[in-house]
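Inspection log for the structure reproduced underneath, given as structure tokens.
Just so you know, all these numbers are worked out from the coordinates, no wet-lab data involved. Quick caveat: nothing in here was measured; it's all calculated off a predicted structure. Here the Cβ is made from the backbone with ideal geometry for all residues, glycine too, and neighbour counts use every protein chain on show.
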Amino acid sequence: MDIQDVIREQLANNPVVLYMKGSPQFPQCGFSSTAVQVLKGCGVREVLAVNVLADNDIRQGIKEYSNWPTIPQLYVKGEFVGGSDIMREMYESGELQQMLKDAGAVGEDAA
């Protein structure tokens, strides 16, 4: 299976996927930390967090997949949402919470 197939499988099998540097428990850059905090603020129950620092093929492959040069990258229901700045803007407007709620990724007590 080539790296693009791996990425497609990750996105198909998980409603919320965050390609980031590090892990949600230990982000390795400020932008990834911001992305994790935004998702927590939205009340996301479950996210597949993929540490791109652990696999250079994934790190390069996701940039090619999305045609987006930076990490982190958020996907909801297989669709590319954006990086931490876009996530923050969407969170502030309420758009991200609604998108995540529509995807079934938010608990009933959140959003």
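Of note:
- At R0 = 22 Å, FRET efficiency that the Cβ-Cβ distance of Phe26 and Asp57 yields, to 0.05: 0.50
- Relative to the longest principal axis of the Cα atoms of the chain, the long axis of helix 84-93 lies at roughly 20 degrees.
- Taking amide H as placed 1.01 Å from N in the peptide plane, the amide H of Val50 sits under 5 Å from that of Leu18, Tyr19, Met20, each at least 5 places away or on another chain.
- Angle between the chain longest axis and helix 56-66 axis [Cα atoms, degrees, rounded to 10]: 60
- A convex hull fitted to the Cα coordinates of region 14-111 yields 84 cubic angstrom per residue.
- For the chain, adding -39500 (n - 2.57) for each run of n ≥ 4 DSSP H residues and dividing by the number of residues yields -14500 deg cm²/dmol at 222 nm.
- Within region 42-91, GluC sites (Glu not before Pro) in DSSP loop having at most 16 other beta-carbon neighbours inside 10 Å: Glu46
- Normalised contact order of the chain, rounded percent, pairs of Cα under 8 Å and 6 or more residues apart: 34
- Simple label model, 7 Å out from Cα along Cβ direction - Glu46 to Glu89, nm: 3.2
- Between 0 and 90°, nearest 10: helix 30-42 axis offset from the chain longest Cα axis: 40
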